[in-house]
Amino acid sequence: MSVKWRVWLSGALLAAVIAAALYFPALRRQVNKAKDITEKTAEQARRELLPVAPPTSGEPKVKVKMFWGSRSQEGALNPVIVELPLSSDPVLRAKQVLNTLLAGPVDAESRTLPPDAALLAFYILPDGTGVADFSDELRTSIPSGIQSEQLAVESIVRTLEANVPQVLRLKILIHGQEVDTLAGHVDLTQAFSVSSKDASGVKLEYPSAPRSLLPAPIEKAVEKVRGVTRR
Amino acid sequence: MVLDPAHGGTDEGAHGTEGIAESNEVLQFAAATRKALEAQGFQVIMTREANDNPSFDDRSARANAQRGSVFITLHIASTGLPGTARVYVEPEAPVPPNITGLILWDQAQLPFLNLSRKLGDQVQQELAKRFKGSPDTMQTAPVRQLRTTAAPAIAVEISSVSVQNRSDLESMVPGVADAIARGVAAFRPLYVLPGSPMPEGSAHP
């Protein structure tokens, strides 16, 4: 190889190295961006596609009875009054109270549902069956056991019963699918009776904490619960 | 008697400290309960004795294939006051019209609900005597395993896998086994199969 060719080849290689050095940061940015897109789960994509509940700031605040866990009575529920601007539409209203239930009380120990679970959809069938579709986290993050799963379902049922009278019974789906159990114990194949008018669902008989046992500070603290919807 | 240690295989159930897994611990409770029941004169069948995971239906089928059986599923919770135990019975549900005279698999527990409640009360009373803080009476919960079981059926849930020391949980084994055996023995004279013309006390669990 002649000297002239060696100079040309060295020059070409040097130019390629410089071009690569200039292009590398841009390439890295593109790879990171692509990674973010591929890591987005089907569930996140679905959440983004779901219609967002319209803001209800114009609605007057009403007293809403929420059922979280009792700290004074093991395995029981504790009714807590919270003031929220609830919609008059039963579907929006159900979404609002369930999202508030998911957002949880100020006191984390009274939580009945996992903090990372989300309500993906809620609709009411013509026969009065409310269908609540939750994200996978409702199954995967809940403490496994009959008591904890029963408390979770009962808190949803009682909260709907107290605030959405149009819902007669409740069917729970996970990510759009019917599942056998919540986390290995409580049966989700059947609908739960929400209203005393319903005669076709499974009737739950979970105890609520007596009013005399309620720790008063919790009730006041929970009134400060932030926002109606989680997202 | 059909004893069902819950979970197993890839389904470890509740997880606790010290690597405690419900599916393993519950085998110890089941083995001790089996001995206590056999000492009371009962024949005992286990739905699993190793680390496998039969389906809900396969477990129910062990009881449904025997006339006059009693079914108990054993669980260890991840919540609840440590050192306590609770008995759960299927809640009431609407009875669908059934002109076949056969028991429908999906509602197999319905004809046995009253018997399950009697069994549940007997076992819970015995547990409450031994484990302070346990409820005095049985509770209801829609436990999937119970729904397809055509026999008096209860779930016993022990708290919990969240104990600081594994020995705290394992110290409950003899008490739980004895309470279940005595509760079932007390239930025996009350066990009359639905629709059976047999007089009380003549059925043989």
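Distance between the modelled labels on A:Ala21 and B:Lys129, one decimal in nanometres: 8.7 nm (7 Å Cα→Cβ projection).
Please work out the FRET efficiency for the pair B:Arg166 and B:Ala31, using the Cβ-Cβ distance as r and a Förster radius of 22 Å; give the result to the nearest 0.05. List each step's numbers first, then the result.
Details: r = 16 Å, r/R0 = 0.74.
Taking R0 as 22 Å, the efficiency between B:Arg166 and B:Ala31 is 0.85.
Spatially, the stretch A:128-148 and the stretch B:128-160 are offset by 21 Å when compared through their Cα centroids.
Amide H to amide H distances under 5 Å link A:Leu204 with A:Ser193, where only residues 5 or more positions off or on other chains count and H is placed in the peptide plane.
Sort B:62-71, A:181-190 by the packing proxy (mean of other Cβ within 10 Å over each peptide's residues), most packed first. Display every interim value, and only then the final one.
On the way: B:62-71: 19.4, A:181-190: 22.7.
Put in order of decreasing packing, that is A:181-190, B:62-71.
Between B:Thr10 and B:Asn114, how high is the FRET efficiency from 1/(1 + (r/R0)^6) when r is the Cβ-Cβ distance and R₀ = 45 Å? Nearest 0.05. With R0 = 45 Å, the Cβ-Cβ based efficiency is 0.80.
Eigenvalues of the alpha-carbon gyration tensor of the stretch A:61-222, scaled by 5 and square-rooted, set the equivalent ellipsoid semi-axes at 22, 19, 15 angstrom, largest first. Measure out, as a whole number of angstrom, how far apart the alpha-carbon centroids of the stretch B:165-186 and the stretch B:1-54 sit. Centre-to-centre (Cα) distance: 12 Å. Given +1 at the Cβ of Lys and Arg, -1 at the Cβ of Asp and Glu and no other charges, the dipole of the protein assembly as shown around its Cα centre is 1260 debye to the nearest 20. Expressed to the nearest 5 percent, the antiparallel share of DSSP beta bridges inside the stretch A:61-222 is 70 percent. Distance from the Cα centroid of the stretch A:65-122 to that of the stretch B:99-127 is 33 Å (rounded to whole angstrom). Here the simple spin-label model places points 7 Å from the Cα toward Cβ, and for A:Val31 and A:Ala12 these points are separated by 2.7 nm. Projecting the Cα positions of B:Ala150, A:Leu101, B:Pro54 onto the charge dipole of the protein assembly as shown (unit charges on Cβ atoms of Lys, Arg, Asp and Glu, taken about the Cα centre) puts A:Leu101 furthest along the positive direction. Here the protein assembly as shown was treated as a single set of alpha-carbon atoms; its pair distances binned every 10 Å from 0 give 4, 19, 27, 21, 13, 6, 3, 3, 2, 1, 0, 0 percent.
Adding -39500 (n - 2.57) for every DSSP H run of four residues or longer, then dividing by how many residues the protein assembly as shown holds, sets the calculated 222 nm ellipticity at -11500 deg cm²/dmol. Would you mind checking the stretch A:133-173 for residues with the amide N under 18 Å from a putative spin-label position 7 Å along Cα→C-beta of A:Asp116? Counting backbone N atoms under 18 Å from the label point, the list is A:134-145. On the beta carbon distance between B:Leu81 and A:Ser141, with R0 = 22 Å, the FRET formula returns roughly 0.50.
All of the numbers you see were taken from the coordinates with simple rules; none came from a lab. If you're wondering where the values come from, they're calculated on a predicted model, not measured in any experiment. A quick note on method: Cβ atoms are made from the backbone with ideal geometry, for glycine too, and the neighbour counts reach across all protein chains shown.
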